[in-house]
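Engineer: Would you mind keeping the following structure in view while I ask a few things?
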Amino acid sequence: MSQNRPEKDDPALDAKKTISLPISRVRLIMKSSPDVSSINQDALFLTTKATELFVQHLARSSFNNGCGKESNSLSYSDLAKTAEETETFHFLTDILPKKILARDYLKSLEQMQEEDADL
Amino acid sequence: MAEKPEDLNLPNAVITRIIKEALPDGVNVSKEARRAISQAASVFVLYATSCANNFALKAKRKTLNAADVLAAMEEMEFERFLEPLRAALEVYKKGQKGKKEVSEQKRKEKEKKADCEHEKSKEDEEGEDEEEQRMEEETEEGEEEVEN
């Protein structure tokens with residue numbers, strides 16, 4: 001309810017010039033991890049800052065490796081490609097799966113069923 | 001703990017702004033791509049937290065600190081973040097210190113005023129001062145627990 005209140009007048013305001021993501025939200029995400037008991041202010045600040053750097057890095061890498069350079073666009077498939085091809089972004093493959101067409105999926109499903117039938 | 005699943009998302013407006021600033025002017029970022037980056041950022045926080053927590057556990061500490069987060073970045077092979085992170089932390093710490101001094105001064109002024117009104121003795125004033133400082137330290141340390 002009043003979860004955002006306690007920070008209102010301290011670190012969030014101070015950090016305004018250096019970070020733009022809300023510290024309170026980042027803390028909530030960190031705290032959702034069951035084995036974390038407490039986090040000090042500096043660690044919280046650093047994680048928030050790191051998340052911003054990560055967003056920039058992911059967007060830039062995906063744009064540079066992607067196929068939207070000519071059309072000046074960044075699409076989901078560029079991100080999925082980066083997650084698959086770049087070592088450091090590998091941990092994202094679960095949430096950035098490559099899209100496949102329904103007909104391709106159905107085809108592979110059929111194939112699998114045929115193989116099963118053969119056995 | 002998070003009450004709603006949306007609580008674990010980062011605010012879209014801020015994420016969109018960070019993406020915009022990172023890319024050349026006029027790049028069109030699809031809605032789907034923006035959502036995906038935002039989700040990726042949440043996963044990044046969890047991944048970094050869990051790495052950092054492992055370092056804290058190894059050192060038998062219960063509280064995550066700055067060194068744990070930096071070590072986590074190295075382990076995740078985001079060494080490129082280390083320098084900007086250290087620089088940002090420096091700025092942040094300076095800001096914190098400055099703010100603390102200001103609030104301390106304000107509080108002392110307030111105390112003085114209060115003391116004049118009540119005509120308190122000098123001894124009382126000093127005692128109170130110490131007590132308040134101690135209290136401040138405690139609330140700062142306890143801050144991370146506030147939300148639960």
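Engineer: Stretch A:Ile95-A:Ala117 to full length: gain in nm at 0.36 nm per residue minus the Cα-Cα span?
Structural biologist: Details: separation 22, 0.36 × 22 = 7.92 nm, distance 3.25 nm.
Net length gain for the segment: 4.7 nm.
Engineer: Apply the Karplus curve 6.51 cos²θ - 1.76 cosθ + 1.60, θ = phi - 60°, to the phi angles in the stretch B:63-74 and return the couplings in whole Hz, x for Gly and Pro.
Structural biologist: Once rounded to whole Hz, the list reads 9, 5, 10, 4, 4, 4, 5, 5, 4, 4, 4, 5.
Engineer: Output the direction-averaged projected area (hull surface divided by four) of the convex hull of the alpha-carbon atoms of the stretch A:13-119, in nm². Working shown, then result.
Structural biologist: On the way: hull surface 45.4 nm².
Value for the stretch A:13-119: 11.3 nm².
Engineer: While we're on this one: Could you compute how much accessible area chains A and B hide from each other, both sides summed, with a 1.4 Å probe? Nearest 100 Å² is fine.
Structural biologist: On the way: alone 9480 and 12830 Å², together 16330 Å².
Counting both chains, the buried surface is close to 6000 Å².
Engineer: Quick one, what does Rg over Rh come out to for the stretch A:10-64 if you take C-alpha atoms and the Kirkwood Rh? Intermediate values should be presented prior to the final figure.
Structural biologist: Working: Rg = 12.6 Å, Rh = 12.2 Å.
Over the Cα atoms of the stretch A:10-64, Rg/Rh equals 1.04.
Engineer: Amide H neighbours of A:Leu74 under 5 Å, counting only residues 5+ apart in sequence or on other chains, H built in-plane at 1.01 Å?
Structural biologist: Amide H neighbours of A:Leu74: B:Asn28, B:Val29, B:Ser30.
Engineer: Calculate the length of the line joining the C-alpha centroid of the stretch A:13-62 to that of the stretch B:43-112, in whole Å.
Structural biologist: Their Cα centres are 10 Å away from one another.
Engineer: Tabulate in residue order the Karplus-calculated ³J(HN,Hα) for the stretch B:31-42, using 6.51 cos²θ - 1.76 cosθ + 1.60 with θ = phi - 60°, rounded to whole Hz; enter x for Gly and Pro.
Structural biologist: For the stretch B:31-42, the Karplus curve yields 4, 4, 5, 5, 5, 5, 5, 4, 5, 4, 5, 5 Hz.
Engineer: OK, next. Residue by residue through the stretch B:9-17, which ³J(HN,Hα) values in whole Hz follow from phi under the Karplus form 6.51 cos²θ - 1.76 cosθ + 1.60 (θ = phi - 60°), with glycine and proline marked x?
Structural biologist: Those phi angles translate into 8, 8, x, 4, 4, 5, 4, 4, 5 Hz.
Engineer: Run a plain Debye calculation on the stretch A:66-119 (Cα atoms as equal point scatterers, no solvent) and give log10 I(q)/I(0) at q = 0.16, 0.21, 0.27 Å⁻¹, rounded to two decimals, same order as the q list.
Structural biologist: Cα-only, vacuum Debye calculation for the stretch A:66-119: -0.65, -0.81, -0.95.
Engineer: Taking a 25 Å limit on the Cα-Cα distance, which of the listed pairs B:Lys4/B:Lys99; A:Lys31/A:Lys99; A:Lys49/B:Lys94; B:Lys4/B:Lys31; A:Lys81/B:Lys4; B:Lys4/B:Lys94 fall beyond it? Don't skip to the end; give the middle numbers.
Structural biologist: Working: B:Lys4/B:Lys99 34 Å; A:Lys31/A:Lys99 32 Å; A:Lys49/B:Lys94 16 Å; B:Lys4/B:Lys31 22 Å; A:Lys81/B:Lys4 31 Å; B:Lys4/B:Lys94 35 Å.
Exceeds cut-off: B:Lys4/B:Lys99; A:Lys31/A:Lys99; A:Lys81/B:Lys4; B:Lys4/B:Lys94.
The values are calculated or read from the model by the stated rules, or taken from the named source; none is laboratory data. Quantities reported herein were computed from a predicted structural model and do not represent experimental measurements. For the accessible areas, the whole protein counts, side chains as well, though only heavy atoms, and no ligand, DNA or RNA atoms are used. Shrake-Rupley method; radii C 1.70, N 1.55, O 1.52, S 1.80 Å.
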